[in-house]
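Read-outs throughout are calculated quantities, based only on the coordinates presented, and are distinct from any laboratory measurement. The structure presented is a predicted model; accordingly, all values stated were derived computationally and were not measured. As a convention, Cβ positions derive from the backbone with ideal geometry for all residues, glycine included, and neighbour counts pool all protein chains shown.
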Amino acid sequence: MRYQLFRVIFFTATVFSILFWGCGVTEPTLTPTHDKQTKQAVTTTLSMAKKGDGDTLVYLSKSKLKFKLKKEFTKEQIAQIDEYLATHEIPTVSDTIISPMRELCGTHDSYGWAFGNSYIPVAGKYLGIAFSQDVVTYSKAKMYGFSKVFVGSEPEINNALGSGFLRENMMFAISSPQQVLPTEELGSYHIDEIYEKHSATWSLSSITQKAQDVSPKKVFLSSYKWPSLIYGILPTRTYGNMYGNAINSADNIYIMCDEYTGNCFGHYFSYVYTLEDYWNEFRSYYGANKNISNWLNLTANNGDGNTHVACAWSNADANSWFDMLGNANRNGLNEVWLWASGTGNEVGVQNFSEQAWEKDWLLRSYGYYLIVWQCNSQPCYPDCQWGVGLGGWSIKQIYKLGAGTYQPYSPSSAQ
């Protein structure tokens, strides 16, 4: 009898055990957040198949909830988010999202998609930059989507290499025919404004010889003179003649326009107008096969509406980055360089990259973000109430959740 009773008890316990474990009942794993004093959290991966009902702790990557979150922000809070993303390094955490079990007074977490301030090149297009490090650093230049960089020494080459630039994407400055070049070859070479400023240093034969020394790598000559402008005292010689002879003396020599503002006298002379006129004339005069890239300037072409021409009486225009990147698109140029050495600041470089994105030269980072808000009003309750306009809320931290993607510009991106 006792044996049978024991069997019944054992059988019953076994059944309950199977039912309990078969239901898959588990306790949530509590994970400490970045601020242990404000909240506890559970972690839930983005790969979960469904979102729970009611007061769920789960935020899914493809949940429609994130599209509704924009409505909770005031214009002032959106401005705070934009400013924070533009002025802070945003840490990227894993695809595991930390969601509060309970938000304590004075804290609030928001989730949503946003464009960041890092860029990558559009395939087949190249933006180069020459800069001084008081304007932007090598790593920031890389982050802003520049795939090519201007260098003039071995330390600069090493700095560029350390920030991810490849040797094949470096343009090296040559200052004289006697200059010893880096041992390892680079992507291209540059000689600045020979017939405007350095005719005593260079001759046609020395230009040709230097190009042969680095062949088949490209050598770019820069000029800011209108091709038909008279060179020297003889009316039979023009800047176009001089530069034309130079670039045609070797297959690997090319010319870039580094005029930024248009001619000082503007519309008073029919042959000189805007910077766009210069780009069009260079391409027409020297040939599309020899004018394959041009320069822009970080401050002269920033599109603020001013002419940026040295002569106060001028009515010439300094076309903006936006205009000139559009000109490059129309004329089939796939490489443009930005001069940012000793002029402007990092904000200007950011603005340039945003306009380059809008002109289909760059792709922009796009990701899912956690925005941690804090309210310092006292007393915390009732003075701090999110969503009803009570309290002075500010951003404590923004985290990017997962790697995200890079997206092209579309009109809806600006909305």
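Miscellaneous remarks
- Unit charges at the beta carbon, dipole of segment 123-360: most positive-side option, Y243, P155, Y189: Y243
- Global geometry of segment 138-198, whether rounded, prolate or oblate, following the gyration tensor of its Cα atoms and the 1.5 cut on a/c: prolate
- Cα gyration tensor, segment 123-360 - rounded (a/c under 1.5), prolate or oblate: oblate
- Taking label positions 7 Å along the Cα-Cβ direction at both D360 and D383, the computed distance is 5.4 nm, reported to one decimal.
- For Q209 and V347, a Förster radius of 45 Å and the Cβ-Cβ distance give a FRET efficiency of 0.60, rounded to the nearest 0.05.
- Förster-model FRET efficiency, 41 Å R0, E193 and Y84, C-beta, rounded to 0.05: 0.45
- Evaluated at q = 0.14, 0.19, 0.21 Å⁻¹: base-10 log I(q)/I(0), Debye formula over Cα of segment 76-169: -0.71, -0.99, -1.11
- Prolate/oblate/rounded label for segment 125-172 (Cα gyration tensor, a/c 1.5): rounded
- Cα centroid separation - segment 184-257 against segment 353-415, whole Å: 49
- Greater than 32 Å apart at Cα, pairs in K148/K225; K197/K359; K197/K218; K148/K400; K148/K396; K218/K359: K197/K359; K148/K396
- The DSSP beta bridges internal to segment 123-360 are antiparallel in roughly 5% of cases.
- Loop-resident GluC sites (Glu not before Pro) (DSSP state other than H, G, I, E or B) in segment 121-199 with no more than 16 further Cβ atoms inside 10 Å of their Cβ: E184, E185, E193.
- Least to most buried among S153, S353 (fewest other Cβ within 10 Å first): S153, S353
- Between the listed residues L298, M324, N280, the Cα displaced farthest toward the positive end of the dipole of segment 123-360, a dipole computed from Cβ unit charges relative to the Cα centre, is found at N280.
- Two-site FRET efficiency, K217 against S94, from Cβ-Cβ distance with R₀ of 45 Å, rounded to 0.05: 0.55
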